[in-house]
Amino acid sequence: MKLIMVDDSLIELNLFAVECAEMPNFELVGMFHTAQEALDYVQAHQDVDFALLDIDMPVINGIE
């Protein structure tokens, strides 16, 4: 399963990347600091299966 993560915290992104490395069924294909970066990626790469989103980010949050 291809997944992306969006979080404005570099620490959280890195911790999740370490966790993903231990899960053979998941392929972390993108880590983004802003929702707009993630939206741009998904529009160009429509094979993303799952997105883990921070719900407390400036401009566009994970719920929006």
task: Being open to solvent by less than 80 Å² (accessible area, probe 1.4 Å) and aliphatic (A, V, I, L, M) is the filter; apply it to region 1-16 and report the residue that is modelled with the lowest pLDDT.
output: 13
field: Filtered residues of region 17-36 (kept if farther than 18 Å from residue 1 by Cβ and either in a helix (DSSP H, G or I) or open to solvent by less than 70 Å² (accessible area, probe 1.4 Å) (or both))
entry: 34, 35, 36
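Residue-wise test of (1) in a loop (DSSP other than H, G, I, E, B); (2) within 9 Å of the chain's Cα centre (by Cα); (3) within 12 Å of residue 3 (Cα to Cα); (4) in contact (Cβ under 8 Å) with a residue 60 or more places away in the chain.
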position: 15; (1), (2), (3), (4): no, no, no, no
position: 42; (1), (2), (3), (4): no, no, yes, no
position: 47; (1), (2), (3), (4): yes, no, yes, no
position: 60; (1), (2), (3), (4): yes, no, no, no
field: Filter result (open to solvent by 80 Å² or more (accessible area, probe 1.4 Å) and among the charged types (D, E, K, R)) within region 41-64
entry: 49, 56, 64
query: Going through region 1-13 one residue at a time, which ones are of a type in the set (Asp, Glu) and either in a helix (DSSP H, G or I) or farther than 20 Å from residue 58 by Cβ (or both)?
result: 12
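The values are calculated or read from the model by the stated rules, or taken from the named source; none is laboratory data. If you're wondering where the values come from, they're calculated on a predicted model, not measured in any experiment. Please note: Cβ atoms are built from the backbone with ideal geometry, for glycine as well, and neighbour counts cover all protein chains shown. Surface accessibility is based on the protein's heavy atoms, side chains included, excluding ligands, DNA and RNA. Shrake-Rupley method; radii C 1.70, N 1.55, O 1.52, S 1.80 Å.
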